[in-house]
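Notes to accompany the following structure.
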Amino acid sequence: MTTTAETPNQFTIELNQLKDFQFQVQFDKPGLPLLATDEPPPLGGDAGPNPSRLLAAAVANCLAASLLFAMRKFGNQPDPLRATATLQLARNEQGRWRVGHIAVDLHLGQPSDGFKSLERVLAQFEDFCVVTQSVRAGFPVAVQVLDPAGTVLHRHEG
């Protein structure tokens, strides 16, 4: 792996081609497992997630972590959280595929009654999600928070 000067605000990952469209991702932290990526057919063999799937996972994970942090900050225990992300591809004006939209549903693991400062948590947790707020500059990200019964507690259309 190429070494660069790392700072708390910068990191470097390395990708190495294994074959065709398969790459192995090496992260910057010792002990983190390698990740195999690949493109779906007809380009690749679907041997790992492709970049669009990794992006959807990154957005959903960042939102779930932000919600969990905000909930715990006020002494709430919403665990276990579950997140689903739906990514929609769309063609741009030149006919090239782009990420058009991501929708993320965050499911609380516990009923919402009794959670402290829930309105405040739901009003601001998205603002602390680095990935979501960064990609929103390019395309919409819709977010919902639901309780275990499926009641929508928070909705942001993107």
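Summary of values
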{"item": "Residue that is outside the structural domain of Asp127 (by TED's automatic domain parsing), hydrophobic (A, V, I, L, M, F, W, C), touching a residue at least 12 places away in the same chain (Cβ under 8 Å) and not in a loop (DSSP other than H, G, I, E, B), where the choices are Val25, Val104", "result": "Val25"}
{"item": "Hey, Pro8 surrounded by fewer than 14 Cβ atoms within 10 Å (Cβ to Cβ), of a type outside the set (S, T, N, Q) and modelled with pLDDT under 95 or not", "result": "yes"}
{"item": "Answer residue from region 20-33, given it is charged (D, E, K, R) and at negative phi and is surrounded by the most Cβ atoms within 10 Å (Cβ to Cβ) among those", "result": "Asp28"}
{"item": "Subset of region 130-158 [exposed (fewer than 14 other Cβ atoms within 10 Å of the Cβ) and β-branched (Val, Ile, Thr)]", "result": "Val130, Thr151, Val152"}
{"item": "Unmet criterion (only one of (1) within 27 Å of Val25 (Cα to Cα); (2) assigned to a strand (DSSP E or B)) for Val59", "result": "(2)"}
{"item": "Region 108-129 - residue that is over 19 Å from the mean Cα position of the chain (by Cα), crowded, with 17+ Cβ neighbours inside 10 Å and assigned to a loop (DSSP other than H, G, I, E, B) and, of those, modelled with the lowest pLDDT", "result": "Ser112"}
{"item": "Region 95-104, residues that are surrounded by 14 or more Cβ atoms within 10 Å (Cβ to Cβ) and touching a helix residue (DSSP H, G or I) at 6+ places or on another chain (Cβ under 9 Å)", "result": "Val99, Ile102, Val104"}
{"item": "Out of Pro40, Pro78, Pro49, sole residue that is closer than 16 Å to Phe125 by Cα, in a loop (DSSP other than H, G, I, E, B) and either assigned by TED's automatic domain parsing to the domain that holds Val130 or without any contact (Cβ under 8 Å) to a residue 24 or more places away in the chain (or both)", "result": "Pro78"}
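The values are calculated or read from the model by the stated rules, or taken from the named source; none is laboratory data. Every value quoted in this text rests on a predicted model; they were computed, and no experiment measured them. Backbone-built Cβ (ideal geometry, glycine too); neighbour counts: all protein chains shown.
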